[in-house]
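The values are calculated or read from the model by the stated rules, or taken from the named source; none is laboratory data. Keep in mind the model is a prediction, meaning the values are calculated, not measured. Cβ placement follows ideal geometry from the backbone for every residue including glycine, while neighbour counts extend to all protein chains displayed. For accessibility, only protein heavy atoms count, side chains too; no ligands or nucleic acids. Shrake-Rupley method; radii C 1.70, N 1.55, O 1.52, S 1.80 Å.
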Amino acid sequence: MSPITADRAMVTTLLSLLAIAIFCLTSCTTLSFHQFSEPTTGWQTKSGQLMYRSAKTTLIGDALVRVSKTGDFELTVSKGPGITLLSLRQDATFAKISGAFARQGWSGPVAQAPPQLRGWLALRDQFLRAPNQKILRYVAGNETFLFRF
């Protein structure tokens, strides 16, 4: 085999491997075309602290909660300025969770959420039921959420 043929074979093999890797990475991504409402001046906004505890994890961070009159919900948990640990956007039927604490993240219909996210997705209903609470405590299985505003 000539050196030119060997180089072409190597380039072809590398391009094939790259194409397979790109396909594998992009085919696992959940694409979301859901349009959430953007926060306006009519949304209720609260900022405070969240202590989250599960059997394996404890997290204390700054919490920003926004709730609209129509039930749209946003939660941002951060650790200092510029370090977002978790971002949750949710309406009556659809949710999107991202951030370092959410690992790879997830988006989709709330009814199809993975079990490990259901406690987080139940927070929307808790805030809609008690919009003016200074302290909100919610327990879901082995998870405890304690908000102080």
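Just the accessible area per residue of region 104-149, please: how many Å² with a 1.4 Å probe?
Per-residue accessible area for region 104-149 comes out at 58 Å².
Under a Cβ-Cβ cut-off of 11 Å, what is the net charge of the residues other than LEU128 that fall near it, where Lys and Arg count +1 and Asp and Glu count -1? Intermediate results must be reported in sequence, preceding the final value.
Details: positive: LYS69, ARG124, ARG129; negative: ASP72, ASP125.
Once all neighbours under 11 Å are counted, the net charge is +1.
Which net charge results for the neighbourhood of PRO39, defined as the other residues with beta-carbon distances under 15 angstrom from its beta-carbon, given Lys and Arg at +1 and Asp and Glu at -1?
Neighbour charge sum, excluding PRO39 itself: +2.
Classify region 58-136 as rounded, prolate or oblate, taking a ≥ b ≥ c as the square roots of the eigenvalues of its Cα gyration tensor: rounded when a/c is under 1.5, otherwise prolate if a/b is larger than b/c and oblate if not.
Taking the square roots of the gyration eigenvalues as a ≥ b ≥ c, region 58-136 is oblate.
Peptides 69-78, 113-122: what's the order by average Cβ count within 10 Å, highest mean first?
Final packing ranking: 69-78, 113-122.
When only alpha-carbon atoms are used, what values of Rg and Dmax, in angstrom, describe region 93-149?
12.1, 33
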